[in-house]
Structure formats: structure tokens, C-alpha cells
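Here's the structure we're looking at; comments come further down.
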Amino acid sequence: MKSLKLFLSLFLISSLITISAQNEVTINSIQVSNSVYMLVGQGGNIGVSVGDDGVFVIDDQFAQLTPKILESIKKLSDKPIQFVVNTHYHGDHTGGNANMEKAGAKIIAHDNVYKRLAEGKATEGLPVITFNDKLSIYINGEQVLIFHVDNAHTDGDAMLYFTKSNVLHAGDTYFQKRYPYIDVNSGGSIDGYINAVKMALMVIDEDTKIIPGHGDLSNKTEYASFLEMLNILRANVQAEIDKGKSENDIVNNPAITKQYDDLNYSWNFINSEKIRSAIYKSLIKN
Ligand SMILES: [Zn+2]
């Protein structure tokens, strides 16, 4: 009886430890250039530029992570946060907006990000500067190009290119080595996605470091293979549609994505069924 109790309490303690370990998100800071860093925690990768003018941040993950994110940023610079740019409206990229605003940052995003956050009843942390096409910020000794790409991951995507540091933050137009989320219900599309990557590839060069929306720090060669994957899957799905196949047929036909399933592009959030369904939905909308 005594040993059973001991066993049960040990079991309880060990499961509690497991639970708290899962809840414990750490923010890892990776130096990308002299002045640009990538912060990895939970949700979309964060970009940070530091220098004489202050701190400039790209995306802010979830509200509950703000204290840890601010702590990581403090280790890079003691200057105030000037701006936060949202690459799009999804909660794992904008969840910390209200906290960042309280910390003194001005939020910048595409017009449709403002619309979608406001429609979502957000009253705090809304962008105070919005743009339709492109915008430049001159900060920490360089021009940062912010450009919108049409109907890619959503209808409000922005990419950012640090012209001196030679760093691209691709937002969610890039899921490194995994199937992307094409949010067809929020204006995303496979063709817009392909065009977005093509446009970014024209801006960057072989030495550019790329911060993807999700995944590891990357480069032009990897981003180009990601584009190839999108083109191949689009062609495969279109070929099935041309044969008169239904969404159900396509979702249940693993041959369409096999080449990339074998390379482990399928992951828990976007598995191979989901990517086949998203591409189908996007193509029949055209
Ligand atoms: Zn997203």
C-alpha cells in the first residue's frame, strides 16, 4: 500500500514536470547580421534590428510571450522599441501587439491587416501606420524595404528586406522545408503564393540570409527549392482537376505530394491531405 502511494505520487510529480516543461517556451536569439537578429519562440519567427535609432521589430508572436520577448530584446539593446511591423494578421504574428504598443512601439502593417484585426474586434494594438503597396523605413543606418505581395498566405502579406544587412524577413510566404499554410479563407492563394516567392527571389541574392515565417534561418537556394515544390504541387493538383477529379479524390490521392511527403514536408499543422485540399480549393476559385 505504501509503495503504491509512493508510486502514485512519483507518477503525479513526473507528469506535472512534463506538463510544465511543455508550457515552458524559451526565446532563442540568433544573430543574422551585425544589427539584425531572429528570435525563435512559439509562433512566427521574430526579426529584430538594433542600433543607434532604437529597436525595430517584425512580428510579436503571442501576448503571453511578450515579457520573455522583451527580456530577449533587452539583451540586444537598451534602446526603446520604435516600430513593430506585422507581416500579416494571424495571431501567432500579432498577438503581442497591444503589449508592444504599451511598451511604446508604433505598429505598422498592410491596410488589410488593420481591417482584419479591427473586424476581429481588437481595440488595442491596431496598426497606426498602414500601407497599400510598399513603404520604406530608414533606421539603424539602412533602408528597410517593406513590400506587399497580393493574395499569397493571406490578403495582407508584407515582406521586409534590409538593404545593407542583406536580410529578408519573408513572413509566412515561407515555411522553411515544410508545406505552407495557404489561408484561402483570408484571401490566400497558390498563385499569389508562387508570385510572392518569385518577387522576393528577384530582390535577394546568393548571400541573403532569410528569416522564414516558420522554420530555420535560410537562404536563396532553399527558398528557390521551396518555390519549385509549390510549382510541382500546383501542376500535379491542376492535372487531377483537368481529369475531372473531385476535392475528395485529390485529398485521398497521396501520389500528388509523394515526392515531398518523402522529404518530410508534411507536418502536424499542414499535413499532405491539407496541402492538397488547400491547393485544390485555391485553383477552383480562379
Ligand atoms: Zn500566418
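The values are calculated or read from the model by the stated rules, or taken from the named source; none is laboratory data. This one's a predicted model, so the numbers in the text were calculated from it and none came from an experiment. Backbone-built Cβ (ideal geometry, glycine too); neighbour counts: all protein chains shown.
Are any residues in region 66-94 hydroxyl-bearing (Ser, Thr, Tyr) and out of contact with any Asp or Glu (no Cβ under 6 Å at 6 or more places or on another chain), and if so, which ones?
Within region 66-94, Thr66, Ser72, Ser77, Tyr89, Thr94 meet the criteria.
When you go through (1) touching a residue at least 40 places away in the same chain (Cβ under 8 Å); (2) under 30 Å from Val48 (Cα atoms) one by one for Asn271, which number turns out not to apply?
The single condition Asn271 does not satisfy is (2).
Any idea which of Glu240, Glu273 is over 22 Å from Thr154 (Cα atoms) and either away from the ligand (no atom under 16 Å from the Cβ) or among the β-branched types (Val, Ile, Thr) (or both)?
It is Glu240.
Looking only at region 107-139, how many residues end up being assigned to a strand (DSSP E or B) and either within 16 Å of the ligand (Cβ to nearest atom) or touching a His at 6+ places or on another chain (Cβ under 7 Å) (or both)?
Qualifying residue count for the region: 5.
If I ask for residues that are outside any helix (DSSP H, G or I) and among the polar types (S, T, N, Q), which ones from region 244-286 would you list?
Ser246, Asn252, Asn253, Thr257, Asn264, Ser266, Asn268, Asn271, Asn286
Return yes when Thr66 is at pLDDT 95 or above, under 27 Å from Asn185 (Cα atoms), of a type in the set (Ser, Thr, Tyr) and in contact with a helix residue (DSSP H, G or I) (Cβ under 9 Å, 6 or more places away or on another chain) and no when it is not.
For Thr66, the condition - at pLDDT 95 or above, under 27 Å from Asn185 (Cα atoms), of a type in the set (Ser, Thr, Tyr) and in contact with a helix residue (DSSP H, G or I) (Cβ under 9 Å, 6 or more places away or on another chain) - is not met.
Show me the helices (runs of 4 or more DSSP H) found entirely inside region 63-106 where at least 3 residues are more than 16 Å from the ligand (Cβ to nearest atom) and surrounded by 18 or more Cβ atoms within 10 Å (Cβ to Cβ).
Hits in region 63-106: 66-76, 97-102.
Quick one: count up the residues across region 42-61 that are assigned to a loop (DSSP other than H, G, I, E, B) and either among the basic types (Lys, Arg) or within 15 Å of the ligand (Cβ to nearest atom) (or both).
Of the residues in region 42-61, 7 are assigned to a loop (DSSP other than H, G, I, E, B) and either among the basic types (Lys, Arg) or within 15 Å of the ligand (Cβ to nearest atom) (or both).
Just for strands (runs of 3 or more DSSP E) wholly inside region 142-231: which have at least 1 residues that are among the polar types (S, T, N, Q), within 16 Å of the ligand (Cβ to nearest atom) and buried (at least 21 other Cβ atoms within 10 Å of the Cβ)?
Correct list: 167-175.
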